[in-house]
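> Structure in structure tokens, see below.
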Amino acid sequence: MDLLIETVDGYSLTLSQTGLSSGIGGVAWDCGLVLSRLLLVPEFTDRIRAAVMARAVPQPGSESFSSMTALELGSGTGLVGMQLAMLGCKSILTDLPGVIPQLAVNLAQNAHMLDNCSVVADVYVWGQPPPLHHFPVHLLVMSDCLYQFEYVELLSGSLRDIFCKEGQSPLILHAYEDRNPDVWSEFLDRVGDFLAWEKVKLSDYLDEGELPPDVCVVLMYRKDSIA
């Protein structure tokens, strides 16, 4: 089933969904939909751009999205990564090999919207070496990547590789659904030695009626970037 998702300047992205037959990446989940809406709110994007300038190392050339590279982990349908590309970011959408064909479909059917954008899809399997040919990255985006304990070690290990082994310091924009607080607690235990975080008050940017009850959004950044 296709979805029409609002994007910048009143246009829409067409999002093809394959359903769960191709795995969880074939569905646009609530976390991605919330991030997509947030990225249309000027006050929120102002906050993100300012946070990138304050936290990311290396810094982009300016506070404009057009000078920033965004890496999305677990892109799924590609919605959030495409929204960032529409805002001007150089956008890299990554997921498992089996999800890349679906990403390619969505990029192709929105090609007329992405003509002047920089956006690519690439394979990145958590736990394997990060895709350094796309670095440096200023903004790292994740939506609904934490939903089972089995993925906590892989995701936290990948972030440790990026921040500690490779010395990168992107700002992380992370949306998760608070289905199981123990999963989030375990994740924080694994990344808390090198990452700090702050929760976004969603009602500051979106109407309460737009918000699924369990979606949370946080900003995360390297601890030694705190002034």
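The values are calculated or read from the model by the stated rules, or taken from the named source; none is laboratory data. Note that the structure is predicted; figures quoted are calculated from it, not measured. Backbone-built Cβ (ideal geometry, glycine too); neighbour counts: all protein chains shown.
> Of the residues Lys165, Lys199, only one is in contact with a strand residue (DSSP E or B) (Cβ under 9 Å, 6 or more places away or on another chain), free of Cβ contacts under 8 Å to residues at least 40 places away in the same chain and basic (Lys, Arg); which? Give the derivation first.
Values: Lys165 fails: in contact with a strand residue (DSSP E or B) (Cβ under 9 Å, 6 or more places away or on another chain).
On inspection, the qualifying residue turns out to be Lys199.
> Residues of region 108-122 being aliphatic (A, V, I, L, M) and assigned to a helix (DSSP H, G or I), which ones?
As a first pass, look at region 108-122 and keep what is aliphatic (A, V, I, L, M): 108, 111, 113-114, 119-121.
Within region 108-122, just Ala108 meets the criteria.
> Separate question: Can you name the residue in region 84-102 that is assigned to a loop (DSSP other than H, G, I, E, B) and under 22 Å from Leu38 (Cβ atoms) and, of all such residues, is nearest to the chain's Cα centre (by Cα)?
Our first condition is that a residue be assigned to a loop (DSSP other than H, G, I, E, B); within region 84-102, this holds for 88-89, 96-99.
Next cut, under 22 Å from Leu38 (Cβ atoms) only: 88-89.
Working: Gly88: 15, Cys89: 12 Å.
Among those that are assigned to a loop (DSSP other than H, G, I, E, B) and under 22 Å from Leu38 (Cβ atoms), it is Cys89.
> Going by the conditions given, is Ser118 within 17 Å of the chain's Cα centre (by Cα), within 19 Å of Met220 (Cα to Cα) and not charged (D, E, K, R)?
Details: within 17 Å of the chain's Cα centre (by Cα): yes; within 19 Å of Met220 (Cα to Cα): no; not charged (D, E, K, R): yes.
Here the answer is no, as Ser118 does not meet what is asked.
> If a residue must be surrounded by fewer than 21 Cβ atoms within 10 Å (Cβ to Cβ), in contact with a Leu (Cβ under 9 Å, 6 or more places away or on another chain) and within 17 Å of Phe65 (Cβ to Cβ), how many such residues does region 91-116 contain?
2
> Does Ala51 qualify as being surrounded by 19 or more Cβ atoms within 10 Å (Cβ to Cβ) and either under 14 Å from the mean Cα position of the chain (by Cα) or assigned to a helix (DSSP H, G or I) (or both)? Reasoning before the result, please.
Values: surrounded by 19 or more Cβ atoms within 10 Å (Cβ to Cβ): no; either under 14 Å from the mean Cα position of the chain (by Cα) or assigned to a helix (DSSP H, G or I) (or both): yes.
Taking the combined requirement at face value, the residue does not satisfy it.
> Considering Val141, Val105, Val137, which residue is assigned to a helix (DSSP H, G or I) and either in contact with a strand residue (DSSP E or B) (Cβ under 6 Å, 6 or more places away or on another chain) or under 19 Å from Leu219 (Cα atoms) (or both)?
Val105
> I would also like to ask the following. Can you tell me which of Val141, Val152, Val191 is in contact with a Leu (Cβ under 8 Å, 6 or more places away or on another chain), under 17 Å from Ala70 (Cβ atoms) and touching a residue at least 12 places away in the same chain (Cβ under 8 Å)?
Working: Val152 fails: under 17 Å from Ala70 (Cβ atoms); Val191 fails: under 17 Å from Ala70 (Cβ atoms).
It is Val141.
> Taking the options Val183, Val125, Val152, name whichever one is part of a loop (DSSP other than H, G, I, E, B), among the β-branched types (Val, Ile, Thr) and modelled with pLDDT of 90 or more. So that I can check it myself, show each step before the final result.
Details: Val183 fails: part of a loop (DSSP other than H, G, I, E, B); Val152 fails: part of a loop (DSSP other than H, G, I, E, B).
Just a single option satisfies the conditions, and that option is Val125.
> What number of residues in region 196-227 are touching a Ser or Thr at 6+ places or on another chain (Cβ under 9 Å) and farther than 16 Å from Phe44 by Cβ?
So the answer is 5.
> Keeping to region 209-227, report how many residues are outside any loop (DSSP other than H, G, I, E, B) and at pLDDT below 85. Please lay out each step first, then the result.
Step one: of region 209-227, the residues outside any loop (DSSP other than H, G, I, E, B) are 209-210, 215-225.
Within this subset, residues satisfying the condition of being at pLDDT below 85 are 209-210, 224-225.
So the count comes out to 4.
> What residue, of Gly76, Gly81, is assigned to a helix (DSSP H, G or I), in contact with an Asp or Glu (Cβ under 8 Å, 6 or more places away or on another chain) and either among the aromatic types (Phe, Trp, Tyr) or buried (at least 22 other Cβ atoms within 10 Å of the Cβ) (or both)? So that I can check it myself, show each step before the final result.
Numbers: Gly76 fails: assigned to a helix (DSSP H, G or I).
Exactly one residue qualifies, and that residue is Gly81.
> Kindly provide the set of residues from region 1-53 that are at pLDDT below 85 and under 15 Å from His174 (Cβ atoms), ordered by number.
Trp29
> Further question on the same structure: Is it the case that region 179-188 has a residue that's surrounded by 15 or more Cβ atoms within 10 Å (Cβ to Cβ), farther than 27 Å from Ala85 by Cβ, in contact with a helix residue (DSSP H, G or I) (Cβ under 8 Å, 6 or more places away or on another chain) and among the charged types (D, E, K, R)?
Yes, some residue in region 179-188 is surrounded by 15 or more Cβ atoms within 10 Å (Cβ to Cβ), farther than 27 Å from Ala85 by Cβ, in contact with a helix residue (DSSP H, G or I) (Cβ under 8 Å, 6 or more places away or on another chain) and among the charged types (D, E, K, R).
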